[in-house]
Amino acid sequence: MLHIAICDDEQEQLALTQALLQEYHELHPELDLRVDTFSSGAALLEHIRTNGSVDAYLLDILMPNGNGIELGLKIRKTDQCGHIFYLTTSPDYAIDSYLTKASQYLLKPVKKELLFRALDD
């Protein structure tokens, strides 16, 4: 199973990213894909505490109550293996993303080819 968590405070972006993952799954029907969505970092961290880590985290950076870099650092305290992909409108945090050992840093609107390539890797 490939378990992915999306965290974005904007519902429209959550839906767009979820739709891209559905499209990815249609291209790879052999994958047992599970996607959970979260509108806050606190909700995602609670999910991790309760249910354990996931395979990949698709995180927004610009969110209220802490940014995605801070969230990634908190995730890394308990999960060193999950892949972190940043999906954001701002290029300003790209260097900071290395602190979380991020796998990718993609600018919104996310190009599906880039996201799909990142997921394939």
Within the set of pairs 6+ apart or on separate chains, which have a first residue in region 65-79 that is under 13 Å from residue 101 (Cβ atoms) and modelled with pLDDT of 95 or more, a second that is buried (at least 16 other Cβ atoms within 10 Å of the Cβ) and of a type in the set (Asp, Glu), and C-beta atoms under 7 Å apart? 69/96
Checked region 22-41 for anything free of Cβ contacts under 8 Å to residues at least 24 places away in the same chain and open to solvent by less than 70 Å² (accessible area, probe 1.4 Å); matches are 25, 28
The lone condition residue 16 fails out of (1) closer than 24 Å to residue 92 by Cα; (2) open to solvent by 30 Å² or more (accessible area, probe 1.4 Å); (3) assigned to a strand (DSSP E or B) is (3)
Could you figure out which of (1) under 14 Å from the mean Cα position of the chain (by Cα); (2) part of a helix (DSSP H, G or I); (3) closer than 21 Å to residue 1 by Cα; (4) of a type in the set (S, T, N, Q) isn't true of residue 50? (1)
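The values are calculated or read from the model by the stated rules, or taken from the named source; none is laboratory data. This structure is a prediction, so every number in the text was calculated from the model and none was measured. FYI the Cβ positions are ideal-geometry reconstructions off the backbone, even for glycines, and counts take in every protein chain you see. The area values use the complete protein model at the heavy-atom level, side chains included, leaving out ligands, DNA and RNA. Shrake-Rupley method; radii C 1.70, N 1.55, O 1.52, S 1.80 Å.
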